[in-house]
Amino acid sequence: HKKFGSKVQVVVASKDIDEMQILDESFLEITDVPTDFKQPSALQNPEVAIGQLALAPIKKGEQILNTKIIQPGKDTGLSMQVTPGK
C-alpha cells in the first residue's frame with residue numbers, strides 16, 4: 001500500500017505516561033509510521049528516552065518527542081513549575 005509513501009521508525013508510548021514519570025523500557029515501543037506522519041522532534045531510538053522524565057502527560061500511541069522529556073537532575077525541581085518571567 002503506497003498511499004503514504006515510505007515509512008520511518010519512531011518511538012511511541014506503549015501506555016499512558018504521567019507528567020513527571022521516569023521512563024523505562026515498559027513505557028516505550030517502536031512503530032513504523034509514514035514519513036509524513038513523523039513528528040519533527042520524535043525519537044527514533046528508545047535508548048534516548050530511558051531514564052528521562054516526562055515533562056507533560058503522553059498518551060498511549062503518541063510519539064515520544066524530545067521536547068516532552070528531560071534528563072532528571074537539578075533543573076527539574078521548582079524551575080519546571082515556575083512560568084518564565086515570574
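The values are calculated or read from the model by the stated rules, or taken from the named source; none is laboratory data. This is a predicted model, so every value here is computed, not measured. Reconstructed Cβ throughout: ideal geometry from the backbone, glycine too, with neighbour counts over all protein chains shown. Please note that ligands, DNA and RNA were not included when accessible areas were found on the heavy atoms of the full protein model with its side chains. Shrake-Rupley method; radii C 1.70, N 1.55, O 1.52, S 1.80 Å.
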*In segment 1-29, how many residues are loosely packed, with under 12 Cβ neighbours inside 10 Å, modelled with pLDDT of 95 or more and of a type in the set (S, T, N, Q)?*
1
_For segment 55-75, which positions are among the small types (Gly, Ala, Ser) and either at pLDDT below 95 or touching an Asp or Glu at 6+ places or on another chain (Cβ under 6 Å) (or both)?_
Ala56, Gly73
*Could you tell me whether any residue of segment 36-52 is touching a strand residue (DSSP E or B) at 6+ places or on another chain (Cβ under 7 Å), open to solvent by 30 Å² or more (accessible area, probe 1.4 Å), part of a strand (DSSP E or B) and farther than 14 Å from Gln71 by Cβ?*
no
*Just checking, how many residues over segment 17-35 are within 11 Å of the chain's Cα centre (by Cα) and assigned to a loop (DSSP other than H, G, I, E, B)?*
1
